Amino acid sequence: MGVVARILEEEGFSTVIVVTFRQAAEAMRPPRAAYVRFPIGLTLGAPGAAAQQRVVIEDALGLLENAREPGDLRILPYQWQQVDYEKILATRRASRR
Amino acid sequence: MPGDLKSLLEQINDDGRARTPLSRLNFLRNVASDEDLARFFSELLIQTAEAKHTNEWAGLETFLEEWEDWTLARVAADGTFPEVKATPWTPLRKTVDQARIALITSGGLYLEGQEPFELSNDPTYREIPRGTRQEHIRVAHHGYDIAGPLEDMNCLLPLARLEELEAEGVVGSLAPTNYGFNGSIPEMRNLERWPHEVADKLRQEQVDAVLLTPA
């Protein structure tokens, strides 16, 4: 997927990739990447866990605006489902108002 | 016999009960030597007993995470990643709340009625329009447990989440067309052609940025 990110970036699109396999991202150095220590195949969160998926997606999209340099790899801090994702979203909504 | 530990891991994998919790350790059976496995299992037993004895479980969590990292580092070292040059860079020329976002997943997602992906080296992609309903999603991939996206595509192809973000004005819009392919592609030339074709389609739909989700 790092290859696809690099090609699309060359084609003029801003890309961000969410990875559960940090070492692959370190090898491929895609333009912007967010790493989560989630199970393989559940890259954005558990099935049905809308709040969890949403928090990870928002962090990834945030990188489109605030990544500092090509190859920026952010380690997201979330511990699978031991996190109150609803609370994180509520805080973010409040700060957007 | 240390040689039996590998088949023990195979049995645990076939059993399937802890497939999701074990997913990050699952490649241990491919990359660990008999000595590594003996070290892992003996240390696991000691750490587990220690944790129960002291009711301090953080050490066990750290132990498992270290072995996950060890395993995936070995997988990466064995993997044939292509040589990469300088990383390309296209700054987003607008804010995310003005941008049109497209989704691409390598998790092998496609639509009912489309040709399924080959399980390895498939150089093709499928178009998945926004508004696609869960019951029309199919998945062909051998590298992970496909039960996740079969139950909820949003773990890999978050059409519903992006529609919510669009409705709330957090993103400008979700693209009309999004894309799935099967990322199990050992031969790089099979991966290098279609992204250019997809780029043309993304341009036609005035996409600014792409969120990529590998399985």
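The values are calculated or read from the model by the stated rules, or taken from the named source; none is laboratory data. Since we're looking at a predicted model, the values are computed, not measured. Cβ atoms come from the backbone with ideal geometry, glycine included; neighbour counts cover every protein chain shown.
Miscellaneous remarks
- Within the option set B:Ala160, B:Ala102, B:Ala140, being within 18 Å of the chain's Cα centre (by Cα) and within 10 Å of chain A (Cβ to nearest Cβ) holds for one residue only, B:Ala102.
Conditions (1) facing chain A (nearest Cβ under 7 Å); (2) within 24 Å of the chain's Cα centre (by Cα), marked per residue:
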{"residue": "B:Thr48", "(1), (2)": "no, no"}
{"residue": "B:Glu56", "(1), (2)": "no, no"}
{"residue": "B:Gly59", "(1), (2)": "no, no"}
{"residue": "B:Phe63", "(1), (2)": "no, yes"}
{"residue": "B:Asp69", "(1), (2)": "no, yes"}
{"residue": "B:Phe81", "(1), (2)": "yes, yes"}
{"residue": "B:Asp97", "(1), (2)": "no, no"}
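To keep it simple, each residue is scored yes or no on (1) part of a helix (DSSP H, G or I); (2) farther than 30 Å from B:Met188 by Cα; (3) assigned by TED's automatic domain parsing to the domain that holds B:Ile185.
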{"position": "B:Leu25", "(1), (2), (3)": "no, no, no"}
{"position": "B:Gln47", "(1), (2), (3)": "yes, yes, no"}
{"position": "B:Glu56", "(1), (2), (3)": "no, yes, no"}
{"position": "B:Glu61", "(1), (2), (3)": "yes, yes, no"}
{"position": "B:Asp69", "(1), (2), (3)": "yes, no, no"}
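- Residue list for segment B:182-215, restricted to those being within 7 Å of another protein chain (Cβ to nearest Cβ) and under 26 Å from A:Phe38 (Cα atoms): B:Gly183, B:Leu191, B:Ala209, B:Val210, B:Leu211, B:Leu212, B:Thr213, B:Pro214, B:Ala215
- For segment B:199-208, a residue qualifies if it is more than 13 Å from A:Glu9 (Cβ to Cβ), part of a helix (DSSP H, G or I) and not basic (Lys, Arg), and the qualifying residues are B:Asp200, B:Gln204.
- Residues located in segment A:66-83, provided they are surrounded by fewer than 16 Cβ atoms within 10 Å (Cβ to Cβ) and more than 26 Å from A:Gly48 (Cα to Cα): A:Asn66, A:Arg68, A:Glu69
- Residue within segment B:18-31 that is surrounded by 18 or more Cβ atoms within 10 Å (Cβ to Cβ), small (Gly, Ala, Ser) and touching a residue at least 40 places away in the same chain (Cβ under 8 Å) present: yes
- Residue match in segment B:152-170 (condition: assigned by TED's automatic domain parsing to the domain that holds B:Thr105, among the small types (Gly, Ala, Ser) and surrounded by 23 or more Cβ atoms within 10 Å (Cβ to Cβ)): no
- Residue pairs whose Cβ atoms lie under 6 Å apart, sitting 6 or more positions apart in sequence or on different chains, and linking a residue in segment B:123-136 that is farther than 14 Å from B:Ala160 by Cα to a partner that is part of a helix (DSSP H, G or I), are B:Pro123/B:Asn190; B:Tyr125/B:Trp194.
- Among all residues of segment A:47-61, there is at least one that is in contact (Cβ under 8 Å) with a residue 40 or more places away in the chain and hydrophobic (A, V, I, L, M, F, W, C).
- Taking each residue of segment B:177-204 that is free of Cβ contacts under 8 Å to residues at least 60 places away in the same chain and looking for partners that are in a loop (DSSP other than H, G, I, E, B) and buried (at least 16 other Cβ atoms within 10 Å of the Cβ) with beta-carbon atoms closer than 6 Å, six or more apart or interchain, yields B:Ala199/A:Glu11.
- Scanning segment B:175-194 for residues that are within 19 Å of B:Pro116 (Cα to Cα) and part of a helix (DSSP H, G or I), we see that the one that is modelled with the lowest pLDDT is B:Asn190.
- Considering A:Gln81, A:Gln53, the condition of being more than 7 Å from chain B (Cβ to nearest Cβ), polar (S, T, N, Q) and farther than 25 Å from B:Thr90 by Cβ is satisfied by A:Gln81 alone.
- Pairs where the first residue, in segment A:1-21, is more than 7 Å from chain B (Cβ to nearest Cβ) and the second is charged (D, E, K, R) and not in a helix (DSSP H, G or I), C-beta under 9 Å, 6+ apart: A:Gly2/A:Arg29; A:Thr20/A:Arg37; A:Thr20/B:Arg24
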